[in-house]
Structure formats: C-alpha cells, structure tokens
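Asks: Here it is, the structure in full.
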Amino acid sequence: MRIRVRFLGAFADVTNSKEEMFELKTPSVNSLLDHLVERKGERFHALAFDPATRRLRGGTTLLVNGQRRGLQHELCDGDEVTLLTPIAGG
C-alpha cells in the first residue's frame, strides 16, 4: 500500500523533506513510524519518541487524513499521514 507522509516543523528539517511516498506491507501507523525510523535514522527517532516511555513525544501531532489518530490506527492505501512538532514563536 502507498502512504503519503507530510513532514512539518522540525520533522521537515530532520528528514530533509516536506513530503514523501512510502510503500508499506503492514497497514498501521506504528508500522509506518518503525519504517520511518529505519529509513530516516536516529535524528528522526530522537525527535519522534520519548526515550523513557518509547511513545510519541508529548506535543507531537500525528494526523491521518487530517484527523488525530493513535499508533494502532489501521492505514488504507492512499492515506496521508502528517507529522508535526510543536511550534514555538514569540
């Protein structure tokens, strides 16, 4: 299945990309994140996951087709996943 992933905020910086397409064999958000860690490396892992809990860092937004979803959410061919870090400003 093909999944479009949009990287916003610091995710765009660590992946050097704003958007990519990925082929997945297992249709869950968790599998997609595992795939991204494997492809994008330690900087992506450190940004996405809290080392103490092994869960997404607080404040990280994960959307599937514009709606917040959990790690166990099942993906469908053609879904769009967006990863966004908190934005600071002032």
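Asks: Around residue 28, with a cut-off of 13 angstrom between Cβ atoms, what is the net charge of the other residues, counting Lys and Arg +1 and Asp and Glu -1?
Replies: Combined, the nearby Lys, Arg, Asp and Glu give -1.
Asks: Antiparallel DSSP bridges in the chain: what percent, to the nearest 5?
Replies: In the chain, approximately 70 percent of DSSP beta bridges are antiparallel ones.
Asks: Counting only other residues whose beta carbon sits under 12 Å from that of residue 2, what net charge do I get with K and R as +1, D and E as -1?
Replies: -3
Asks: May I pose another question? Can you compute the helix-only [θ] at 222 nm over the chain? Use -39500 (n - 2.57) per DSSP H run of at least 4 residues, normalise by all residues, nearest 500 deg cm²/dmol.
Replies: Dividing the helical sum by the residues of the chain leaves -7500 deg cm²/dmol.
Asks: Still on this structure: Out of 60, 15, 26, any idea which swings most in a Gaussian network model of the chain, alpha carbons joined below 10 Å?
Replies: Maximum among the listed residues: 26.
Asks: Still on this structure, please answer the following. Between residue 25 and residue 72, what FRET efficiency follows from the Cβ-Cβ distance if R0 is 22 Å, with the result rounded to 0.05?
Replies: 0.85
Asks: So who's got an amide H within less than 5 Å of the one on residue 73, skipping anything under 5 residues away but keeping other chains? H placed 1.01 Å off N, in plane.
Replies: Residues meeting the amide H criterion: 29, 30.
Since every read-out is calculated from the coordinates, none of them should be taken as a lab result. Computed from a prediction, not measured in an experiment: that's the story for all the values here. Please note: Cβ atoms are built from the backbone with ideal geometry, for glycine as well, and neighbour counts cover all protein chains shown.
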